[in-house]
Amino acid sequence: MKLKTSFWLSIGLAALTAALSLPSASTAPRRDKPVRPKVLLLTYNPIIEAEGGKRLHEVCKWKDPDALCETYMADVKECSGGYADYRIVERKVIDGYPLKKDGFRYTDESFMQAFRTGKGWHQPDAIDYYAIVKEFDLARRVNRDEIDEVWIMGMPYSGLYESIMAGKGAYFCNSAPLTGVDADRIFVIMGFNYERGVGEMLEDLGHRTESIMRKVYGSWEAEETHAWNRFTLYDKVAPGKAAVGNVHFAPNSTKDYEWGSKTPVLSSADDWLNYPNLKGEKRYMNAADWGNGEIRAHHRWWFQHLPKAPGRGPDGKQANWWKYAIDFNRYPESR
C-alpha cells in the first residue's frame, strides 16, 4: 500500500511538473490558421555541354536553386509564426535562358562569354513576362486554383523584377502591374537570382510586402498617421520616434542598406511584437539587435516584428499583416 501511494504521488508530481512547463491556453500566443500557398517554381538553369554537362549554377559556382528555396520557405514560415507555409506543387527546370522583351535570348556561348569577360551583357535587360505567362499557361492555372503564385529562379541578367503582380485588379508590387493577363484573381511572380542568397530573396518579399501595405493603408510616408507609417519609422526621418524601419533602413540607418551601424537609437521596435496591444515601450537598439549588418539576419528580424496577431487592430485592418502579404486575395483592402 505504501508502494502504491508513492507510485500515484510520483505520477501526480510528474503531471504537475509537465503542466507547469507548458504555456497555458490563456498565456500562449493565439495565431491564425496557417495558409499553404501553392507555388509553381520555374528555374532557368541550362546544361552547359561544353563544361561536361554541368548546370549553369555549378559552372559559375553559384547557389543551388532548390536549396535556396527550401531555406527561404523555412525562414518565411518561422518569421510568420507558422502562418505562411509555402509548398512548391510543381518544379520545372528549363534548359535554356528566358526570352527578353526585344526578342533576344542568350545561348550558352554568349552567356558564358559575357560571364567570363564581365562585359557584353545584352541591353535592354528586361524579361518578356508575357511569353512566360503564355508558355506556362499561368492565367489558366491560377483560375483553376492549381497555383497561387509563381517563383522564377534565374541567373544574373535574366531581367527579372523582384516581384510583379498580374491578374484582374493587379497593382504596383515593387514594379508596375503586368496588365492584360486574364486571371480572375491577382497573383505575384517573384524573381529570384541564384547568384545571390536567401537574404536577397527575403528582401524581394520585403519590398512586395511594403507595396501591398501601402495599398492596404492608402499611403506610405514618414508620418504617424496610421499603423503602417508608424511601424516603418526610423530615426533619420523621425528623430526619437524610430520603430522597426523598412527593408532598406533599420531603426538607426542613415543611408540605404546600412544595417550595421553601432549607433544606438531609441526605438519602439520590440513593442510591435505586442501589436495591436502596443504599450508604448522603447529601448535603445543598434545593429547588434538585427545581425550586425548581415542582410538575411536583418530581414528575418524585420519580418519577425511584422504583426501577426489574429483579429483586427483598432483601425479595422487585419492585425496579422502576413495575411495581406501572402493571402491578399482574401481581403478587400489588399485584393
*Unique residue being among the aliphatic types (A, V, I, L, M) and over 16 Å from Trp321 (Cβ atoms) when the list is Ala250, Ala243, Ala269*: Ala250
*Restricting the search to segment 290-330, which residues are polar (S, T, N, Q) and more than 21 Å from Met165 (Cα to Cα)?*
Asn292, Gln304, Gln318, Asn320
*Could you tell me whether segment 173-191 includes any residue that is in contact with a helix residue (DSSP H, G or I) (Cβ under 7 Å, 6 or more places away or on another chain) and of a type in the set (Lys, Arg)?*
yes
*Would you check which residues across segment 258-267 are part of a loop (DSSP other than H, G, I, E, B) and either in contact with a strand residue (DSSP E or B) (Cβ under 7 Å, 6 or more places away or on another chain) or modelled with pLDDT under 95 (or both) and list them?*
Pro264
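Tell me the residue from Trp272, Trp259 that is within 20 Å of the chain's Cα centre (by Cα), open to solvent by less than 30 Å² (accessible area, probe 1.4 Å) and over 29 Å from Trp151 (Cα atoms), please.
Trp272
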*Is it the case that Ala250 is part of a loop (DSSP other than H, G, I, E, B) and either open to solvent by 10 Å² or more (accessible area, probe 1.4 Å) or under 23 Å from Asp125 (Cβ atoms) (or both)?*
no
*Count, please, the residues in segment 290-321 that happen to be open to solvent by 10 Å² or more (accessible area, probe 1.4 Å), out of contact with any helix residue (DSSP H, G or I) (no Cβ under 7 Å at 6 or more places or on another chain), over 15 Å from Tyr257 (Cα atoms) and of a type outside the set (A, V, I, L, M, F, W, C).*
5
*For Asn229, which of the numbered conditions (1) within 22 Å of Met73 (Cβ to Cβ); (2) not in a loop (DSSP other than H, G, I, E, B) fails to hold?*
(1)
*asked:* What's the number of the only condition in (1) within 21 Å of the chain's Cα centre (by Cα); (2) touching a residue at least 60 places away in the same chain (Cβ under 8 Å); (3) farther than 30 Å from Pro65 by Cα that Leu233 fails to meet?
replied: (2)
*Pick out the one residue from Asp64, Asp102, Asp108, Asp128 that is in contact with an Asp or Glu (Cβ under 9 Å, 6 or more places away or on another chain) and either among the β-branched types (Val, Ile, Thr) or closer than 14 Å to Leu41 by Cβ (or both).*
Asp64
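Could you name every one of the helices (runs of 4 or more DSSP H) located completely within segment 52-168 that has at least 2 residues being farther than 23 Å from Ala297 by Cα and open to solvent by 40 Å² or more (accessible area, probe 1.4 Å)?
Of the helices (runs of 4 or more DSSP H) lying wholly inside segment 52-168, those with at least 2 residues that are farther than 23 Å from Ala297 by Cα and open to solvent by 40 Å² or more (accessible area, probe 1.4 Å) span 108-117, 129-135, 138-143.
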*From the residues in segment 169-187 that are more than 21 Å from Thr43 (Cβ to Cβ) and among the aromatic types (Phe, Trp, Tyr), which one is surrounded by the most Cβ atoms within 10 Å (Cβ to Cβ)?*
Tyr171
*For segment 199-213, indicate whether the set of residues that are charged (D, E, K, R), out of contact with any strand residue (DSSP E or B) (no Cβ under 6 Å at 6 or more places or on another chain), part of a helix (DSSP H, G or I) and touching a residue at least 60 places away in the same chain (Cβ under 8 Å) is non-empty.*
yes
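Tell me, which strands (runs of 3 or more DSSP E) wholly within segment 276-335 include 3 or more residues that are touching a residue at least 24 places away in the same chain (Cβ under 8 Å)? Walk me through it before giving the result.
On the way: elements: 283-285, 308-312, 318-320.
It comes to 308-312.
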*Looking at (1) within 21 Å of Asp204 (Cβ to Cβ); (2) more than 26 Å from the chain's Cα centre (by Cα); (3) without any contact (Cβ under 8 Å) to a residue 40 or more places away in the chain, which is the one condition that is false for Lys101?*
(3)
*Search segment 275-289 for residues being touching a strand residue (DSSP E or B) at 6+ places or on another chain (Cβ under 7 Å) and surrounded by 15 or more Cβ atoms within 10 Å (Cβ to Cβ), and hand back the single one that is farthest from Pro307 (Cα to Cα).*
Met285
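The values are calculated or read from the model by the stated rules, or taken from the named source; none is laboratory data. All of these numbers come straight from a predicted model, not from anything done at the bench. As a convention, Cβ positions derive from the backbone with ideal geometry for all residues, glycine included, and neighbour counts pool all protein chains shown. We work out accessible area using only protein heavy atoms, side chains counted, and drop any ligands, DNA or RNA first. Shrake-Rupley method; radii C 1.70, N 1.55, O 1.52, S 1.80 Å.
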